[in-house]
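The values are calculated or read from the model by the stated rules, or taken from the named source; none is laboratory data. All values derive from a computational prediction rather than experimental measurement. Neighbour counts run over all protein chains shown; Cβ positions are idealised from the backbone, glycine included.
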Amino acid sequence: MRTFPLVALLVPLSVPLASGVSGTTGAPGEGIPDTAAPTYSVGEIVVTATRREIAAALAPSAVTVVSRAAIDAMPGMLLADDISWTPGLSLRSYGSGASVQTISMRGMSPEHTLVLIDGQRYNSFENGLADFGMLTPASVDHVELLRGGSSALYGADAVGGVINVITRSPGTGLHGGGSVTEGTAHEGGASLWMEGGSEDVGVRASISHDEGRGDYLFDFSDGNTVTTLRRSGEDYSVLTGDLRADWKPAGGVKAYADFSYDNADRGSPGVVTDPGSQGTARLWDRLEYLRTGISWNAAPGLALRLNAMGHYGFEHYDDPGQLLNGSTLHSIYTNRDYILTPEALFEVSPLLKGLAGVEYAQASLKSSDTYDALRVQQSAYLSTQHDVELPWSAPFDVLFYPSIRYDRYSDTGGDVSPMLGMNVGILRSPSLRLRASYGKSFRAPVLNDLYWIEGGNPALRPERALAFDCGLRADFDIGGPFRAEITWFSIRSTDRIVWLPVSGTFWSPRNIAAVRSEGWEAETEWTGLGGALHVALNATWTDVTKTSADYAGDPTQGKRLIYEPPETFNAVADAGAGPVRLFFRHSWTAYRYTTEVNDRFLPSYSLESFALRYALGENPPRAALKAEVGNLLNTTYQVVALYPMPLRSFRLTLEAGL
Amino acid sequence: MRHSMMVLPLLAACALAGCVRDPVSALVEVPVPSSRGVYVVDQGNFGRGNASLSYYDLATFHVYNDVFTAVNGKQLGDVAQSMAIRGASGYIVVNNSAKIEVIDIGTNVNTGTIQTGAGTSPNVMAFADDSVALVTDLYSGSLIVVNVHTKRVTGSVAVGANPAGIAIAGGKAYVANSGFGSGNTVSVVSLGTLTTTRTISVADNPNGVEVTPSGKVYVVCTGAYDFTDPSKDTPARIVVIDPASDAVVDSIYIGGHAMDIAIGADGIGYIAGSAAVYRVDTRADVLTGTFRTGVYYATGVEPSSGDVYLADAGDFVGPGTVSVYAPDGELRTTFGVGIIPGAFAFKTNSEF
């Protein structure tokens, strides 16, 4: 059985689960069932919903898990390809390959979605974004996607939801392998990995390189005629390395250290409004992260853990086609951040458990476009789980999850984020559970907002949001495990930060706008034929509207936010027999407005992708061949206006392992 | 069976997926041909390709928005910066699309596209003669030379950094080298040799260039921005150049920051400053007072009536408005246009 790295490492407490959830147990480290099975929403211990190990069915908020097995089966080069089909997500892609990609949840913008890697912040302090164009799945074990406001647990930016990327732990024994990939869009890649260890200590190292010319074909329409053109200036070269060591000495201590290095050199040619208008800008990023964690079972019912993260990021953006102040455009950003998070997990009784912690973060930015910035964050949080002992013999069980967190920033002041969640078991067999949460979340102004030389506003306040969601989840067996969930959500945010002109040339951010996002998410998942067939469907309906008038007669009041589709639908299916595994995905995205006054839009589109994998052996396979087809039906579409997306493409990957 | 009953609502919900249909695009009116009118160039938002062209018919006083798309079926492009009229053709300079769209101003039919080349940022256009036009290339240090008959780029002329405005006077082109805020010169380009023959020092951040009815060259210097200490900003000025000698003959203090000036046939100019539109008498080179208070993004003067057109970009996200004032300041009308109205071009009887 594959271990569940973060749970095994960071949550040493036993977590007895409420009864009534078929097929789950609460033993630490047993959260993820055998991922050799074609499972997407593993059923399912998660750590993101409460910062502690908990069955997803008992969580107060909706959580979807994408397993490593699913990642292996799906087509696509980036991690975003593997998770963008889940409910409530909206992917903004600025091209193919490793081009900049961001993800938003529940109709909020990408800056309102907190991305974590092994529970530690990944969003940039500088601009609030997580660039999924830099994230490949090579070292990823699984991903947990928590929808809804969660600042009471995670602090700033957890407004639309949280994406927690859990990386792979070293396995036991000595293994290694590699892969090579070639694609028809002049793209290729290679990866190597090696791991070794025992039950007590292990090391895993991986390195991968992906590159492409980015000169794919796309259909350009001027409104009258359609011409097939070739993208130019979107080449990329991405090098990713990861070195991880896990250590479990005696005495209930567990520790890990993970160093990752990413270097991405990417063309950024901008919009295509005309056959001759492709630009020449380039974006170069170097990211280095050191993440460590140590936990100790200090006493029965008490565990202590300390997470620490250091980050160095260097980015420069060059455009030889733009002359500014006597030289070509050359912007530099150097970020240095570290975060310390000591916390205690306690279990007062089988009915009351929780955790309390503090967080200290320091983020610095030096840039050609901003004043030197230094932000210090001090936070404290408390989150508990109450299993209510009902005074009568009730056929249902009730769990409450109160949480509260205080965050104080050296430049924008303090904010309290309370949240109350609940989960009620209505039926035991089949399992039917009602969950709900209500809480306050916030987004802190990013360093660019505050310290941008040409217009930064140091008087900005954090954005605030009230989020409510309520859902039903059913788990039962119809020839195999079947899960169905339906959720209604509402997020009302105020003091939204909007950049407005202060003169004809320069813009400055202000706290002015209010936005309401409401909608439904429905998802089903079924595994049948003894695990040989897996099908998952989901649909999301989102109505995200700007409710405020920024000035008298503001024509954007009551209009939908740009790039947020009112509806998405996804269907994934895979079937496996022996060494062969087939995967198919269909995604439909409704229209998206591209102007704040909603007078222009991008039309709806469907995308289909397909993969066939033939593997000899498992964990790791001795040899595997994977063939992928992206955009199977050759659909012409844009995710972001004027950024063309590629037509049909093919990729072939050959893996070998020992 | 009971389980199946629970599955059905979910499957029904998924079956509803895809029922959201695309909006129906609003129909836009196609203007009827008219002999007098005002084009409003709506820049649109950078990177979004939502530039548009509005037309105010001076015969019927009717406003047509998104004219280019309504007539030609295609989008105008990304950041329409300016428009020049020569003969029966209008030339719309689309900055971030690196092109100039040419229309027949009688019908608004697109008669061609001049591609200025990848990486160029065409900004403002001026005609050397009936076939050759010079276009400032904002993010370079040169002018783009265009043959409007063949609709091709034929060369370039080196000038100062980040050329913005351009105007023709005395057989020469006067080019404001903005330096994107750091410049303070005007390049003089010979129309005969298409080379820079002289560089004139003016005030900080020259942007707009206009020629007065008496032939003087007015250079609007926006003034430099100091973001570290705004009290060190330098003020907007108009620097007056005599094209006969290329000497700076006057300097008019405006204050604040101003980008461009529109000058009527009577020699009265209107310049949009930081908080008001000021009136400038170009005959005496003096600031004569405030025409309207408020923040406006562009100004224009209709040649035959002398009416003053002031563009308000609003929040720079939604549609803007244009207000029309009589020379005495009386408001004639206000109408809605596209996103960020940033320039005017006037169609008069003389073009037909």
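Structural remarks
- Restricting segment B:319-352 to residues that are of a type outside the set (A, V, I, L, M), in a loop (DSSP other than H, G, I, E, B) and touching a strand residue (DSSP E or B) at 6+ places or on another chain (Cβ under 7 Å) leaves a set whose member that is surrounded by the most Cβ atoms within 10 Å (Cβ to Cβ) is B:Pro327.
- Subset tally (residues that are within 14 Å of another protein chain (Cβ to nearest Cβ) and not small (Gly, Ala, Ser)) for segment A:264-287: 9
- Residue list for segment A:582-622, filter: touching an Asp or Glu at 6+ places or on another chain (Cβ under 6 Å), part of a strand (DSSP E or B) and crowded, with 20+ Cβ neighbours inside 10 Å: A:Phe583, A:Ala611
- Residues of segment A:127-147 that are assigned to a loop (DSSP other than H, G, I, E, B) and out of contact with any Phe, Trp or Tyr (no Cβ under 6 Å at 6 or more places or on another chain): A:Asn127, A:Gly128, A:Leu129, A:Asp131, A:Leu135, A:Thr136, A:Pro137, A:Ala138, A:Ser139.
- Single match in B:Ala236, B:Ala173, B:Ala161 (criterion: out of contact with any helix residue (DSSP H, G or I) (no Cβ under 6 Å at 6 or more places or on another chain), touching a residue at least 12 places away in the same chain (Cβ under 8 Å) and under 22 Å from B:Lys99 (Cα atoms)): B:Ala173
- Qualifying residues in segment B:33-87 (those that are within 13 Å of chain A (Cβ to nearest Cβ), part of a loop (DSSP other than H, G, I, E, B) and among the polar types (S, T, N, Q)) - the one farthest from B:Ile114 (Cα to Cα): B:Asn65
- Residue count for segment B:306-341, restricted to those that are away from every other protein chain (no Cβ under 11 Å) and under 30 Å from A:Ile562 (Cα atoms): 8
- For B:Ala272: the one exception among (1) surrounded by 23 or more Cβ atoms within 10 Å (Cβ to Cβ); (2) in contact (Cβ under 8 Å) with a residue 60 or more places away in the chain: (2)
- Screening the candidates A:Gly223, A:Gly212, A:Gly293 for the property of being within 29 Å of A:Phe132 (Cβ to Cβ) and in contact with a helix residue (DSSP H, G or I) (Cβ under 9 Å, 6 or more places away or on another chain) yields one hit, A:Gly293.
- Residue within segment A:29-49 that is at pLDDT 90 or above and farther than 30 Å from A:Ala624 by Cα present: no
- Condition check for B:Ile92: under 28 Å from A:Pro644 (Cβ atoms) and either more than 13 Å from the chain's Cα centre (by Cα) or within 12 Å of chain A (Cβ to nearest Cβ) (or both): no
- Taking the numbered list (1) under 21 Å from A:Tyr256 (Cα atoms); (2) modelled with pLDDT under 95; (3) not basic (Lys, Arg) in turn, A:Pro350 passes all entries but (1).
- For segment B:57-89, taking the residues that are surrounded by fewer than 24 Cβ atoms within 10 Å (Cβ to Cβ) and aromatic (Phe, Trp, Tyr), the one that is farthest from B:Val132 (Cα to Cα) is identified as B:Phe61.
- Within segment A:448-482, tally of residues that are within 12 Å of another protein chain (Cβ to nearest Cβ), closer than 20 Å to A:Gly413 by Cβ and outside any loop (DSSP other than H, G, I, E, B): 2
- Residues in segment B:228-254 that are in a loop (DSSP other than H, G, I, E, B) and surrounded by fewer than 15 Cβ atoms within 10 Å (Cβ to Cβ): 4 in all.
- When residues in segment A:556-587 are screened for being more than 17 Å from A:Gly107 (Cβ to Cβ), touching a strand residue (DSSP E or B) at 6+ places or on another chain (Cβ under 6 Å) and of a type outside the set (S, T, N, Q), 13 of them pass.
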